[in-house]
Amino acid sequence: MVGIKVIGFCGNTQRPSKTRALVESVSSHLQLHYGIEVEIFDLAGLRLDAFQPGSLTGDAKKLVTAIEGADGLVVGSPVYKGSYSGLFKHVFDLVHPGALINRPVLLTASGGGARHCLVLEHQLRPLLGFFEACTVPTAIYASENDFTDGLPSNPLILQRVAAAASQFASLINRQRLEAAE
């Protein structure tokens, strides 16, 4: 979709990554069905040594600037000790508190087992709520058993990808129409 800037941000620190594969699956669905392109960033290979937004340089500055300037976000985090990782959270600590107000956000997470699925509702949704972002109702959690050859393959997960992408695209389209008025 021309003029719309959607950023995918994955909290993975290595590749291949199931978290990135999940964000890529959502991004592919958005492109194929809604014409929404997503530029994806992750933490793999990123040197994030700044503790204040003003001291950001290089790829870290590019990432935070992209998140702050996005019309919408697709975020994904691996589950680490029942939550998102510290480095994932640190990126959001560097984002200006008012930068994401009313921005559509689609939440994803991946982990070792089904019991970690609550990270979406108890960790990620409140984090984006702090920024007053507009998270879509359907979030996507996938565990080890939901992947085949590193790609999401469980039909229930793929249904959630389709539902969440539809909700996200509706919010993006509404945002685009309001901006045009």
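The values are calculated or read from the model by the stated rules, or taken from the named source; none is laboratory data. These numbers were taken from a predicted model, which means no experiment stands behind them. Please note: Cβ atoms are built from the backbone with ideal geometry, for glycine as well, and neighbour counts cover all protein chains shown.
Would you check which residues across region 92-117 are surrounded by 15 or more Cβ atoms within 10 Å (Cβ to Cβ), at pLDDT below 95 and either of a type in the set (S, T, N, Q) or closer than 21 Å to Lys18 by Cα (or both) and list them?
The answer is Gly111, His116, Cys117.
Just the residues that are farther than 26 Å from Ser85 by Cα and surrounded by 19 or more Cβ atoms within 10 Å (Cβ to Cβ), please, taken from region 122-181.
Those that are farther than 26 Å from Ser85 by Cα and surrounded by 19 or more Cβ atoms within 10 Å (Cβ to Cβ): Ala169, Leu171, Ile172.
So is Ser27 touching a strand residue (DSSP E or B) at 6+ places or on another chain (Cβ under 8 Å), touching a residue at least 60 places away in the same chain (Cβ under 8 Å), small (Gly, Ala, Ser) and closer than 18 Å to Pro152 by Cα or not?
For Ser27, the condition - touching a strand residue (DSSP E or B) at 6+ places or on another chain (Cβ under 8 Å), touching a residue at least 60 places away in the same chain (Cβ under 8 Å), small (Gly, Ala, Ser) and closer than 18 Å to Pro152 by Cα - is not met.
When residues of region 127-146 are filtered for being closer than 17 Å to Leu100 by Cβ and small (Gly, Ala, Ser), how many remain?
3
So how many residues does region 1-54 have that are surrounded by fewer than 16 Cβ atoms within 10 Å (Cβ to Cβ) and under 20 Å from Ser143 (Cβ atoms)?
3
Looking only at region 67-90, how many residues end up being touching a residue at least 60 places away in the same chain (Cβ under 8 Å) and either out of contact with any Cys (no Cβ under 6 Å at 6 or more places or on another chain) or surrounded by fewer than 16 Cβ atoms within 10 Å (Cβ to Cβ) (or both)?
14
Determine, yes or no, whether Asp149 is over 16 Å from the mean Cα position of the chain (by Cα) and among the charged types (D, E, K, R).
Against the criterion (over 16 Å from the mean Cα position of the chain (by Cα) and among the charged types (D, E, K, R)), Asp149 qualifies.
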